[in-house]
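Have a look at the structure below, then the notes.
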């Protein structure tokens, strides 16, 4: 069976997390634990995964030839921010999507890694 590598990007409104009570945060952590614990049930293998610092800590680099502009903050203004990721292998995108249903109610983007 052939496997591909996917990046599972997690987007959420940082303000929602800041406003969440301890019970809500505990439930989110439990759901991430289920996601980790049940990976093999979906044919998913973890390669990496991390939460990210708040978007206020981001720096954006824009290049044009040898010129570069560096600005504080994310690339785009959005209601949701990239909060973390998982790098996984799986037999199909469908397996990754079904497995991602174990995560809390985030906006999830799944992107296949381009072999180099």
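Summary of values
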read-out	value
Between segment 1-47 and segment 52-116, the alpha-carbon center distance in angstrom	14
Helical mean residue ellipticity (222 nm; -39500 (n - 2.57) per DSSP H run of 4+; nearest 500) of the chain	-7500 deg cm²/dmol
Label point 7 Å beyond Cα of residue 37 along Cβ direction - residues of segment 83-116 with amide nitrogen under 18 Å	99-105
Packing-based ranking, highest mean first, of 48-54, 67-73, 102-108 given that Cβ atoms within 10 Å are counted	102-108, 48-54, 67-73
Hydrodynamic radius by Kirkwood, which averages 1/r over all alpha carbon pairs of the chain, in angstrom	15.8
Contact order normalised by residue count of the chain, Cα under 8 Å, 6+ apart, percent	50
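Each reported figure results from applying straightforward, stated rules to the coordinates on display, with no laboratory input. The shown structure was predicted, so the numbers you read here are calculated from the model rather than taken from an experiment. So basically every Cβ, Gly included, is an ideal-geometry build from the backbone, and we count neighbours across all protein chains shown.
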